[in-house]
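The values are calculated or read from the model by the stated rules, or taken from the named source; none is laboratory data. These numbers come from a predicted model, not from an experiment. FYI the Cβ positions are ideal-geometry reconstructions off the backbone, even for glycines, and counts take in every protein chain you see. Ligands, DNA and RNA are stripped out before the accessible areas are found, and what is left, the full protein with its side chains, is counted by its heavy atoms. Shrake-Rupley method; radii C 1.70, N 1.55, O 1.52, S 1.80 Å.
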Amino acid sequence: MERPRHQGMAKNTYMRWRLPLVCLLWEVAMIILFGVFVRFDPEADAHWEEEKREMNLTSDIENDFYFRYPSFQDVHVMIFVGFGFLMTFLKRYGFGAVGFNFLLAAFGIQWALLMQGWFHSFKSGKILIGVENLINADFCVGSVCIAFGAILGKTSPIQLLVMTLFQVTLFAVNEYILLNLLHVKDAGGSMTIHTFGAYFGLVVTRILYRPNLEQSKDKQGSVYHSDLFAMIGTLYLWMYWPSFNSAISEHGDAQHRAAINTYCSLAACVLTTMAFSSMLQKKGKLDMVHIQNATLAGGVAVGTGAEMMLTPYGSLIVGFICGIVSTVGYVYLTPFLESRLHIQDTCGIHNLHAMPGLIGGIVGAITAAAATEDVYGKEGFIKAFDFTGMYQTRTASVQGGFQAAGIVVSLLMAFAGGTLVGAILKLPVWGDAAAENCFEDDVYWEVPEDEESDAYHMHNPDKPASP
Amino acid sequence: MERPRHQGMAKNTYMRWRLPLVCLLWEVAMIILFGVFVRFDPEADAHWEEEKREMNLTSDIENDFYFRYPSFQDVHVMIFVGFGFLMTFLKRYGFGAVGFNFLLAAFGIQWALLMQGWFHSFKSGKILIGVENLINADFCVGSVCIAFGAILGKTSPIQLLVMTLFQVTLFAVNEYILLNLLHVKDAGGSMTIHTFGAYFGLVVTRILYRPNLEQSKDKQGSVYHSDLFAMIGTLYLWMYWPSFNSAISEHGDAQHRAAINTYCSLAACVLTTMAFSSMLQKKGKLDMVHIQNATLAGGVAVGTGAEMMLTPYGSLIVGFICGIVSTVGYVYLTPFLESRLHIQDTCGIHNLHAMPGLIGGIVGAITAAAATEDVYGKEGFIKAFDFTGMYQTRTASVQGGFQAAGIVVSLLMAFAGGTLVGAILKLPVWGDAAAENCFEDDVYWEVPEDEESDAYHMHNPDKPASP
Amino acid sequence: MERPRHQGMAKNTYMRWRLPLVCLLWEVAMIILFGVFVRFDPEADAHWEEEKREMNLTSDIENDFYFRYPSFQDVHVMIFVGFGFLMTFLKRYGFGAVGFNFLLAAFGIQWALLMQGWFHSFKSGKILIGVENLINADFCVGSVCIAFGAILGKTSPIQLLVMTLFQVTLFAVNEYILLNLLHVKDAGGSMTIHTFGAYFGLVVTRILYRPNLEQSKDKQGSVYHSDLFAMIGTLYLWMYWPSFNSAISEHGDAQHRAAINTYCSLAACVLTTMAFSSMLQKKGKLDMVHIQNATLAGGVAVGTGAEMMLTPYGSLIVGFICGIVSTVGYVYLTPFLESRLHIQDTCGIHNLHAMPGLIGGIVGAITAAAATEDVYGKEGFIKAFDFTGMYQTRTASVQGGFQAAGIVVSLLMAFAGGTLVGAILKLPVWGDAAAENCFEDDVYWEVPEDEESDAYHMHNPDKPASP
């Protein structure tokens, strides 16, 4: 029974020393770097009482913790349960989906705290972290989870850790260029998280192209209950997306508005997904793959514009379009990308993150370019786009141009970075499985052993376990 | 294998043009109506800085977003994961349970934002929406999810959308009568959500009575893992119910109190449910149907009274009674309703929502009637029942009378509305399945195809898929 | 088929009168005691407007509800979904895991509100409860859920209720000694919840030692999907642990800091767990038991120190160590404890709660002893350890000594209490199952009946159910 697999594993997939070594060395590196660099933000430091006096705050409720912690927890759930369970749809890769997502995200948030910290929270030689840093670290890791979706089932845990190391680094650089150099708004990350993460992952999976992948085709589908597990992921992503897009927006109206816009876009997206899922199938039946994924495209596509005055009906339109684009993508584009461009995209991130991310960037650019003092109010206009200091004289249309530039930069970073990282992951030292063992937990996990006799036993409690 | 089903589907259940048409047209209608009517509430609008000055607010934390957003997200989870997964208990209707609930709720919240907006948030020709509107829209849809429970497995997605359209409309009218005309308190919706939603659904299922439903009896049960999926729904409903009942209460003590009362009622309800579940069964074993449902009755039954001074022990008493009533209902009433009154109530909403909803209305009326300035304090008394303006002279006992009237109105609306909508849904154009295909996902969903060989393959990885 | 089980049940496990009687009588007792003692805290009482004036609060947002309710809900999810689903890993004990956890927690929170109320919130003859009491009640029940993990599958629901009654009582006494008499800090409960709860449970399971437990060995494992259900529990515990450790910390920096420290410790813990899970297994494969449990040890071990200035890198170090200790424990210690000391620890709570709890107590003692005014600031130092009133002169190193004493007291309480309660549970009147029926839901639950034909039917819809 185990013959073909063991053969593969003996050659490649033995993790016993490689995985522990990477995990332990990297975690030691994290400890050292945290020891040198990371301290508490004043709002999380025991000197907060003094800080309060200095900032003239009258109440502990003004601590940023109370503005952002509920959103942080929602985002946290999206990263670990949302992405983790969304990927359990494969019949025999549930452990890998949830478990490797857990591993890479746990490492990634630490490395992101450092990378983003050096760029954004570095003061007198120390990175000062508070709840907003935790959210940003989760965001950064979100882009890795997205890329993971493209290569799900085809890579070893070490490859995932290596990819995380590089992708988080590149994410931080790209984010710095967009937010600080281009002064672009992207609170929900249509560009920095989705466009960058998805195209990065697509390039990586292209480079890791496996010509014989149809050998494991029987494992690329779902079973009834694995589709239900995946719906747990889908629903948590869908429900908490308003928190995601509003989590790091400005206090007050911006956070409030971002949540409402996202809620609207997601609602519309469900209806057009259902419509096209049924319409594009001869028998007119709904396809769980679409429901699990395309319903979320509306959240991706307002990631830049949600905190702007996109308005509820504007959000509905965006969601309407994205449900269609994404579902059509699953039906026509994914097979095309695989057969013609050799892009094997396990979860279809091109449909859920890449195209909607691009749309989101464009929507953001248009919404910014169309902004007026009339709509935002004089103060609101300046606050919404942070037109202060050296950006005092920037106009809405110029801002729109910079937003568009942000899309291009994100794409370039994704292609360059994905190529580099794909090449690294192609080295034959990382322990990935042979094509016939892809999408199979048994390669890296202890899977409950006597499935057969168990199942047998469940159905016939009194008969002996081995017939 | 597919013969009897295909026969049915060829006649009835082909969705390819009907479902997409309804979804797309209705979503376009939503976009137009939102475009004409819906704008941001001042607290979500970019003019918030000016609003703050006008309202004399010193901090962004005073934005209603921070008072209500965490509760909103809990309610959101209840609607989509709570109701969705609670209904996955059927062995072969998990896709329909989670998926159709997702569809109808996504449409319903949009329509509810409009309907409730016209009644409650209409200013100078525009509906101004903020986080409280999102909660109210979720609430409104909650009543549709309840009604869905009665007809689960027996209706097409189009029927569900049609029902949602009408039920949301009627809900908004009923809510307007209760809250605005009768000036009734019902923060957690014992009357507006549960009593109305449940009796509405029961009337609909009565009208849609299927005499040959025993033809699909083998699919009306659960399997081991479907019962565990359903417990995900149960627990999220149970845990977040304190947020549900407090989500739109007045800031401060009312919200705080509503959460505590609900927590107490739910805790007591679990014990009496377990007690009666064991007691009413010959072998004394616990029944998952009761644990999944009756444990929640305590939350339903304090939906009106939770924000009043019901007190923790009062809440325990309510929960104690409802656990019993609901469990007894499952054992004795549901079979009776089906065999004698031809009410086929798939999820037993009569036991979980109808009876506890009525009890909740009565408890609210009594608690209101018994209110005194002594217990509430002079200010607290006025604030709790909003005895200001034209209601300045209303006394507690009069309020109790109006609360009771609210129950009657909700029942009348449910019966009249349910009859109307049931008659509409009975038209032979909506594509519902034949009796022998009820409770079967295969009718409307692409179900993972080669279940048998998959399952086979899982147990014997090396044997060929087809024996 | 049912022969051996029925034999056992006829003798022992018939719950029909015993379980209802206990549930109903105890719930009546709760109602009476709540009626006599429990009222609303001023912040949840309708007199809040007057309270606000007295406390000089300008806004409703200062109500403790808004500081703590989001954390409360996260803790609530951990108790009911977290612990409940973590224990569903057994192939045939999912109903018991989720259901009995639900039962004991629902009773336990009521009794905890009373017990903790008498010790901590008793004013003029009444227990005044608010959101902080709800959190503390959940905490207290958490220690019972932990102990349940040791005896999972081997006890009747009545035994669990009896254990809950006693354990909650002893928890409240121990907590009073630590927090009030020793003036110890333990916001996340490394000592009061984990050390106490785990050693209590281990002593109980030692006393209930079943020499013939290998008779049900075939049911002690997992199946593929039961491991995925368990991961739902794991992830919710992991994600919300920062809320757990910060839920009752002081407003402001302490709550903020506790969340960050816990986040860091948990992240590090995942990497060392993965490393050692792979390293300690010949084939180098990951073991779901470790991923499900040891990844959480980092949260346990900063339960005391998280609100102190443990610092992010300090937290990483603690998490690093605990992932290793816990995983090594699962591989080497659990089998040793079972074979040599006759401690049958179903979920391995010794590795997840006992050892990390001890480490947490020690880390807390060291962190307290090392505290200086330099690090905390003058005000911060006093506030962090509450060195006011009679504790005005206590120094950091003295505090460290008292913290250490807290560990010892918790251990003594656990051993003495566990012995007493174990002896009570050994009485042959509680209806526990025979050894061959352990880990089997069928003993106390109505399990979906014709599993075999169902499964058969699922795979071959058109063939008759009985071959």
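Data table
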| quantity | calculated |
| --- | --- |
| So C:His256, is it open to solvent by 10 Å² or more (accessible area, probe 1.4 Å), touching a helix residue (DSSP H, G or I) at 6+ places or on another chain (Cβ under 8 Å) and either assigned to a helix (DSSP H, G or I) or facing chain A (nearest Cβ under 8 Å) (or both) | no |
| Single unsatisfied condition, B:Trp430 versus (1) surrounded by fewer than 17 Cβ atoms within 10 Å (Cβ to Cβ); (2) of a type in the set (Phe, Trp, Tyr); (3) out of contact with any Phe, Trp or Tyr (no Cβ under 9 Å at 6 or more places or on another chain) | (1) |
| Those residues of segment A:328-346 which are assigned to a loop (DSSP other than H, G, I, E, B) and under 17 Å from B:Glu446 (Cβ atoms), in sequence order | none |
| Criterion violated by C:Met279 - all others in (1) of a type outside the set (Asp, Glu); (2) at positive phi; (3) free of Cβ contacts under 8 Å to residues at least 40 places away in the same chain satisfied | (2) |
| Lone qualifier among A:Phe276, A:Phe229, A:Phe200 - being closer than 30 Å to A:Phe385 by Cβ and out of contact with any strand residue (DSSP E or B) (no Cβ under 9 Å at 6 or more places or on another chain) | A:Phe200 |
| Those residues of segment B:128-137 which are touching a Lys or Arg at 6+ places or on another chain (Cβ under 7 Å) and either more than 9 Å from chain A (Cβ to nearest Cβ) or open to solvent by 30 Å² or more (accessible area, probe 1.4 Å) (or both), in sequence order | B:Leu128, B:Glu132, B:Ile135 |
| For A:Thr234: the one exception among (1) touching a Gly at 6+ places or on another chain (Cβ under 9 Å); (2) farther than 30 Å from B:Ile135 by Cβ; (3) at pLDDT 95 or above | (2) |
| Residue that is nearest to C:Glu250 (Cα to Cα), among those in segment C:384-419 that are in contact with a helix residue (DSSP H, G or I) (Cβ under 7 Å, 6 or more places away or on another chain), part of a helix (DSSP H, G or I) and open to solvent by 50 Å² or more (accessible area, probe 1.4 Å) | C:Ser397 |
| Residues (facing another protein chain (nearest Cβ under 7 Å) and within 15 Å of the chain's Cα centre (by Cα)) located in segment B:241-253 | B:Ser243 |
| Residues (aliphatic (A, V, I, L, M) and open to solvent by 30 Å² or more (accessible area, probe 1.4 Å)) located in segment A:157-181 | A:Leu165, A:Leu170, A:Val173, A:Ile177, A:Leu179, A:Leu181 |
| B:Glu307 vs. criteria in contact (Cβ under 8 Å) with a residue 60 or more places away in the chain and at the interface with chain C (Cβ under 9 Å from one of its Cβ atoms) | no |
| Some residue of segment B:286-294 being more than 8 Å from every other protein chain (Cβ to nearest Cβ), in a helix (DSSP H, G or I) and hydrophobic (A, V, I, L, M, F, W, C) | yes |
| Search result, residues across segment B:358-383 that are of a type in the set (Gly, Ala, Ser) and part of a helix (DSSP H, G or I) | B:Gly360, B:Gly361, B:Gly364, B:Ala365, B:Ala368, B:Ala369, B:Gly380 |
| Inter-residue pairs, beta-carbon under 7 Å, first under 18 Å from C:Glu307 (Cα atoms) and touching a residue at least 60 places away in the same chain (Cβ under 8 Å) and in segment A:50-74, second surrounded by 16 or more Cβ atoms within 10 Å (Cβ to Cβ) and of a type outside the set (Asp, Glu), 6+ apart | A:Asp64/A:Gly130; A:Asp64/A:Val131; A:Phe65/A:Val131; A:Phe65/C:Gln255; A:Phe65/C:His256; A:Tyr69/A:Val131; A:Tyr69/C:Pro70; A:Tyr69/C:Ala259 |
| Candidate set from segment A:59-111 (those that are over 17 Å from the mean Cα position of the chain (by Cα) and among the charged types (D, E, K, R)); member that is nearest to the other protein chains (Cβ to nearest Cβ) | A:Asp60 |
| Wholly enclosed helices (runs of 4 or more DSSP H) of segment B:148-252 bearing at least 1 residues free of Cβ contacts under 8 Å to residues at least 12 places away in the same chain and among the hydroxyl-bearing types (Ser, Thr, Tyr) | B:224-246 |
| Counted residues, segment B:263-320 - those being out of contact with any Phe, Trp or Tyr (no Cβ under 7 Å at 6 or more places or on another chain), under 17 Å from C:Pro20 (Cβ atoms), open to solvent by 10 Å² or more (accessible area, probe 1.4 Å) and at pLDDT 95 or above | 5 |
| Of all residues in segment C:44-58 being open to solvent by 10 Å² or more (accessible area, probe 1.4 Å) and at the interface with another protein chain (Cβ under 7 Å from one of its Cβ atoms), the one that is nearest to B:Met55 (Cα to Cα) | C:Glu49 |
| Selection count where residues are modelled with pLDDT under 95 and within 11 Å of chain B (Cβ to nearest Cβ), scope segment C:112-127 | 0 |
